[in-house]
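Chemist: My structure is below; once you've seen it, I'll send some questions.
The values are calculated or read from the model by the stated rules, or taken from the named source; none is laboratory data. Since the structure is predicted, the reported quantities are computational estimates derived from the model, not experimental observations. As a convention, Cβ positions derive from the backbone with ideal geometry for all residues, glycine included, and neighbour counts pool all protein chains shown.
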Amino acid sequence: MKLLVRNLDRLTTEEELINLFKEFGEIEYCTVVIDPKSGSSKGFGFIEMPNVSEAQGAIKNLNYKTVGRNKIRVKTTKN
């Protein structure tokens with residue numbers, strides 16, 4: 001299941017995102033979207049978790065959790 005993570009603090013790294021989500025299950029893929037011109041985060045990223053129930057647990061527990069200075073939003077993608 002592919003998840004969209006929005007409202008990331010611009011300093012949040014992929015490693016931090018993986019550590020946050022791996023508490024809920026296996027992570028197949030993780031990326032923080034980077035602006036090619038500035039080299040800084042665009043404030044969102046994607047996590048892919050192969051187990052649907054683990055992904056749903058991550059959504060339930062991490063949606064609106066404060067990470068860095070922001071409350072992140074986690075939802076499934078349409079893909």
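Chemist: Where the second residue is among the acidic types (Asp, Glu) and at pLDDT 95 or above and the first is surrounded by 14 or more Cβ atoms within 10 Å (Cβ to Cβ) and lies in the range 2-15, which pairs have Cβ atoms under 6 Å and are six or more apart or on separate chains?
Modeler: Within 6 Å, the pairs are LYS2/GLU48.
Chemist: I need every pair where a residue in the range 56-79 that is farther than 16 Å from GLU16 by Cα has its Cβ under 6 Å from the Cβ of a residue that is in a helix (DSSP H, G or I), sequence separation at least 6 or different chains.
Modeler: GLY57/PHE24
Chemist: Quick one: in the range 26-45, which of the residues that are touching a Ser or Thr at 6+ places or on another chain (Cβ under 9 Å) and buried (at least 17 other Cβ atoms within 10 Å of the Cβ) is farthest from LYS78 (Cα to Cα)?
Modeler: SER41
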